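The values are calculated or read from the model by the stated rules, or taken from the named source; none is laboratory data. Because the structure is predicted, anything quoted here is derived from the model rather than measured. Neighbour counts run over all protein chains shown; Cβ positions are idealised from the backbone, glycine included.
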Ligand code: G6P
């Protein structure tokens, strides 16, 4: 690509550091926000009020990082719009004989707009009468054209194979979508305004996280001899655990697994000892107390713990071998903040190991075979 790395060592670093700007573009530099009504306006979603009120199910489909973004989106749609929401692995859709109902709506997520598994899933749904909207970065791409309507995330060209700014752009777009559907359904204007105010703070809050990148680099150095990592979170942080683990495995070739922290004692706990670090995503909110008890379970097995949090908790500080602070925000928006240190951690650990950050072995930026 003819995009310059500028002052950065690699495209990955550049794209991570661009996120304050790319997220701002995803909300149209404010142009997609309606502060007076506490809602968002997305020109590409042409559903009217009564159609939105009648939606019974929302499905988010994609592959890789886009699929994990979809898992965040489903939680946002369920939480803000109270629409029963699910995420599907696009490659599996063709084998599930999907039931497509009139009151379902589908969203296809793709950075490149060229992923064949996602395209084939879109066509399968359309053949069965499904309405599919694209949440896409590459303008005019094959999936964008196949959908014919949707939201462009405007992240700008993403060159590094591991996806970063497209992920946060997709999450921002789905947040706008969930907010706008929510305001037509159950969400109050004051709640909508509160969320818009919080969203507008996110770019600066990411700048604050990026300003602490040296601390994340130190932590990556401390743990560079580990060969297996666990990533754990609950609720909206569960897909962040999955995506954090994906970033590390794609880039460093180390073993990394994401779990819901509730599933810890149903198997993964057997893997824990003093050589296996666990990264806990522990934002302030409904899930925090339960995540703290999961951390205690890991510490009881001598597992090193790295925590990403925005909570003021003495207990968390005492339990964690390393603690990365992110700014405060409503839990529903926390994925936009908590993923950033995990991206940086994967970048720095990979550099420590001397591996190619932008072009990991065996992977392609855009997979056009199925
Ligand atoms: C490839 C890339 C991943 C990406 C996935 C989906 O596997 O290596 O980084 O998440 O495809 O790509 P898309 O362009 O559809 O978002």
>> Looking at 246, 279, can you tell me which residue is assigned to a strand (DSSP E or B), in contact with a strand residue (DSSP E or B) (Cβ under 8 Å, 6 or more places away or on another chain) and either free of Cβ contacts under 8 Å to residues at least 24 places away in the same chain or closer than 26 Å to residue 361 by Cβ (or both)?
In response: 279
>> Could you check the range 249-268 and list, in sequence order, the residues that are part of a helix (DSSP H, G or I), over 21 Å from the mean Cα position of the chain (by Cα) and surrounded by fewer than 18 Cβ atoms within 10 Å (Cβ to Cβ)?
In response: 265, 266
> Taking the condition loosely packed, with under 15 Cβ neighbours inside 10 Å and part of a loop (DSSP other than H, G, I, E, B), does residue 302 pass?
Replying inline: yes
> Can we say residue 23 is under 19 Å from residue 203 (Cβ atoms), away from the ligand (no atom under 16 Å from the Cβ) and not in a loop (DSSP other than H, G, I, E, B)?
Replying inline: yes
>> Tell me the residue from 145, 131 that is free of Cβ contacts under 8 Å to residues at least 40 places away in the same chain and either under 21 Å from the mean Cα position of the chain (by Cα) or more than 16 Å from the ligand (Cβ to nearest atom) (or both), please.
In response: 131
> Looking at the range 92-200, what helices (runs of 4 or more DSSP H) fall wholly within it and have at least 1 residues that are surrounded by fewer than 17 Cβ atoms within 10 Å (Cβ to Cβ)?
Replying inline: 116-127, 142-147
> Only one of these conditions is not met by residue 165: (1) more than 11 Å from the ligand (Cβ to nearest atom); (2) under 23 Å from residue 240 (Cβ atoms); (3) in contact with a strand residue (DSSP E or B) (Cβ under 9 Å, 6 or more places away or on another chain). Which number is it?
Replying inline: (3)
>> Kindly evaluate residue 140 against the criterion of being more than 10 Å from the ligand (Cβ to nearest atom) and in contact (Cβ under 8 Å) with a residue 40 or more places away in the chain.
In response: no
> Counting only residues that are in contact with a helix residue (DSSP H, G or I) (Cβ under 6 Å, 6 or more places away or on another chain) and closer than 17 Å to residue 57 by Cβ, which one in the range 104-121 is nearest to the ligand (Cβ to nearest atom)?
Replying inline: 109
>> Please verify whether residue 230 is at pLDDT 95 or above, touching a helix residue (DSSP H, G or I) at 6+ places or on another chain (Cβ under 9 Å) and not in a helix (DSSP H, G or I), treating the condition exactly as stated.
In response: yes
